[in-house]
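So the structure is just underneath, and the comments pick up after that.
The values are calculated or read from the model by the stated rules, or taken from the named source; none is laboratory data. Worth saying up front: this structure is predicted, and the values here are computed from it rather than measured. Here the Cβ positions follow ideal geometry from the backbone for every residue, glycine too, while neighbour counts run over all protein chains shown. When the accessible area is computed, the model is the full protein with side chains, heavy atoms only, and any ligands, DNA or RNA have been set aside. Shrake-Rupley method; radii C 1.70, N 1.55, O 1.52, S 1.80 Å.
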Amino acid sequence: SELIKGFLLSGMPCPSSCPPGLLALMAPGLALIATFSLPSQAGDRRALPVEKPPGVKGRTLILLDVNTKSPVRIISENFLSLQLDPSIIHDGWLDFLSSRRLVTLARGLAPAFLRFAGKRTDFLQFHNVKNPAKSRGGPGPDYYLKNYEDDIVRSDIALDKQKGCKIAQHPDIMLELQREKAAQMHLVLLKEQFSNTYSNLTLTARSLDKLYNFADCSGLHLIFALNALRRNPNNSWNSSNALSLLKYSASKKYNISWELGNEPNNYRTLIGRSVNGSQLGKDYTQLRSLLQLIRTYSRAHLYGPNIGRPRKNVIAFLEGFMKVAGGTVDAVTWQHYYIDGRVAKVTDFLKTRLLDTLSDQIRKIQKVVNTYTPGKKIWLEGVGMTSAGGMNNLSDSYAAGFLWLNTLGLLASQGIDVVVRHSFLDHGHNHLVDQNFNPLPDYWLSLLYKRLIGPKVLAIHVAGLQRKPRPGRVIRDKLRIYAHCTSYHNHNYVRGSITLYIINLHRSRKKIKLAGTLRDKIVHQYLLQPYGKDGLHSKSVQLNGQPLAMVDDGTLPELKPRPLRAGRTLVIPPLTMSFYVVKNVNALACRYR
């Protein structure tokens, strides 16, 4: 019956002798392409031989349908969110967040959260002063620093005169000086990172104003992580500096959500003493009480504990935290980096085993959370393709997109409510925007995701014909398909449309025939490929053959689809990522918000 169902979905008659290798899978949520091998016993994945059916000449044909009746998951409207690291105070980029170009790029990814946190969160001190020029330091000759500081002060004065959203147009020479300063500071930041010893950072009131102005102008909701390493002699949290920051933010009526600390399971390596999960839970309870005392934040959201990779000791930490503060936080958070950026290679981004490492982590986190607070939302915060700041021409290249898009699909299909990308703008190479304020491949991938993907996740039904099955070569590993309702914010498509997004890690093209409810519908293709001679290492991309670039500082390019005629087979080029909007499906799951 499953055999016949696959052919019925395609609208094609089943031949009189259907090949035994045909397999129809109903894969909920994750919906990866079927493997055409049947296990004779547990762990045995030897492929069965198949006959070549009529009409199939040396190709793999995949039949695809979607369950349009109801979603399997509903994620946050802010599912794809962003992070800024406090290192932007050190290297000076925080002073340039008012740039029209940066605000335009960030607006493209709204609505989203903007998390201000990272390794230096727990070395950050708030200082309520307005004029930072006297206290700001940095490398370089005297004339350079003097001119640079004077430019910053003049820019601040000009911004103060603006009402509402404050946008600056920084002169090219000013940006060039900033890039020189940032390049020198980059070496300092890397040295701190590799030695795991961090210097204290001061966040002034003016700097906080600039950070909030950027978030507010961009349509992002700011989440601020407070320093958790200010400790009393009894190891309880010292909240005095945090209270000063809260009071200042409240006086400005800033709409902010809060966190406490970053990767608290690693504190022993940072300061030589640890904070266990139950103690951090008490600290969160203390922070919740502080927020309730301040009218502006009495109902503010609180997220945590932002633990690292869930190994055995980290799981124990999370359990201790959940026992004490599981009901205090609005979502439980953790973070993940796939590869050590110091040793990454381009082939690493194509490894299916690497793409699948996240699934096990999700299950571990969900098990703990559902034990103590069933139904509590879970977020993946601070996700990056590589650790240690990333690697030039790898984590900021087209190749890194395979991991990023699969992360989005995997998390959504397994019910993770929000994923926070590290980082929007950073001193390393994991960012979406470089230090010339040019969008990198993962930015364009994220922009397409935001424009086309809605919060409702749909189940996919797949079946297929594999001409030459080979042991150990499984189609589903290298061809990954996810489906959502098309974004309600995209007015080019009526409600009821469906968006597929597909990752092809094969070095050959694959063909997909839409079947069942998707059969004979007009499809809009958004095919993202590397642009230029660098291939997978490229930092530029093309959409349907046209290179993507900003029109000007205030304008993103139009993302033009390529219409495909109704009933046409989708041809997925090798080593590519693509989105397909199936128009006018009138899917019941997608008609209403």
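Once the Cα-Cα distance is subtracted from the 0.36 nm per residue extended length, the LYS69 to LYS511 segment shows a gain of 156.6 nm. The heavy atoms of ILE89 present about 40 square angstrom of accessible area, all protein chains included, probe 1.4 Å. Taking 18 Å as the straight-line reach from the Cα of LYS253, the aspartates and glutamates in range (excluding those fewer than 8 positions away in the same chain) are ASP160, ASP209, ASP216. What whole-number value in Å² describes the accessible area per residue of segment 493-581 for a 1.4 Å probe? For segment 493-581, the solvent-accessible area averages 44 Å² per residue.
Heavy atoms only, probe 1.4 angstrom, no DNA, RNA or ligands counted: give me GLU263, GLU77 ranked by accessible area, highest first. Each step should come with its number before you reach the end.
Numbers: GLU263 30, GLU77 75 Å².
The residues order as GLU77, GLU263, largest area first.
As a calculated quantity, the FRET efficiency between ASP160 and ASN232 at R0 = 41 Å, using C-beta atoms, amounts to about 0.60. Between HIS127 and GLU180, the FRET efficiency from the beta-carbon distance, with R0 = 25 Å, is close to 0.45. Of the residues VAL494, VAL571, VAL275, the one with the largest accessible area comes first in the ranking VAL494, VAL571, VAL275, computed with a 1.4 Å probe on protein heavy atoms. Rolling a 1.4 Å probe over the protein heavy atoms leaves ASP85 with an accessible area of roughly 10 Å².
Take the residue pairs LYS181/LYS539; LYS351/LYS539; LYS210/LYS533; LYS191/LYS367; LYS210/LYS367; LYS312/LYS345 and return only those whose Cα atoms are more than 30 Å apart.
Values: LYS181/LYS539 23 Å; LYS351/LYS539 20 Å; LYS210/LYS533 39 Å; LYS191/LYS367 37 Å; LYS210/LYS367 40 Å; LYS312/LYS345 28 Å.
Pairs exceeding 30 Å: LYS210/LYS533; LYS191/LYS367; LYS210/LYS367.
A 1.4 Å probe run over segment 184-300, with the rest of the protein chains in place, finds 43 Å² accessible per residue.
Of the listed residues SER359, SER298, the order by accessible area with a 1.4 Å probe, largest first, is SER298, SER359. Were the residues from SER195 through ASN586 laid out at 0.36 nm apart, the gain over their Cα-Cα distance would be 135.1 nm.
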